[in-house]
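Data block below; observations after.
The values are calculated or read from the model by the stated rules, or taken from the named source; none is laboratory data. If you're wondering where the values come from, they're calculated on a predicted model, not measured in any experiment. No Cβ is skipped: glycine too gets one built from the backbone with ideal geometry, and neighbour counts run over all protein chains shown. Note: accessible area is taken over every heavy atom of the protein model, side chains too, but ligands, DNA and RNA are not part of it. Shrake-Rupley method; radii C 1.70, N 1.55, O 1.52, S 1.80 Å.
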Amino acid sequence: MFGFDHVVAPTARGTLKNSYVPLKNNNDETEAASTRLEQSPPFALLLLGTDQRGKENGLSDSIIYTVVRPKDNKVLFVSIPRDSYTRIVGAEDIYS
């Protein structure tokens, strides 16, 4: 606990404080953007993270399928394990 309280926490606090930049306070544009988003249909995103050190090939270390439902003000995240296997139609069946 000592290490976190005296080493990690102050560093994280400073980093987070410097990462925030307030937007201009323009209520007309903010309300218009909010209205456009609320009226948009649901959409999906595939979030991929990679891990690469030095000159080695980057490997996928996180795969998250995301569905955003603006009208409901909801977001669904499904984490897919990186070592998942699936059959690819038309590919040679190497697992039988």
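Computed values, structure above
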read-out	value
Cα gyration tensor shape for the stretch 36-96, rounded if a/c is under 1.5, else prolate or oblate	oblate
Net charge of neighbours whose Cβ lies under 13 Å from the Cβ of Val68, counting Lys and Arg as +1 and Asp and Glu as -1	+1
Tyr85 paired with Asp72, simple spin-label distance in nm, labels 7 Å along Cα-to-beta-carbon	3.4
Solvent-accessible area of Arg13 with every protein chain in place, 1.4 Å probe, in Å² to the nearest 10	150
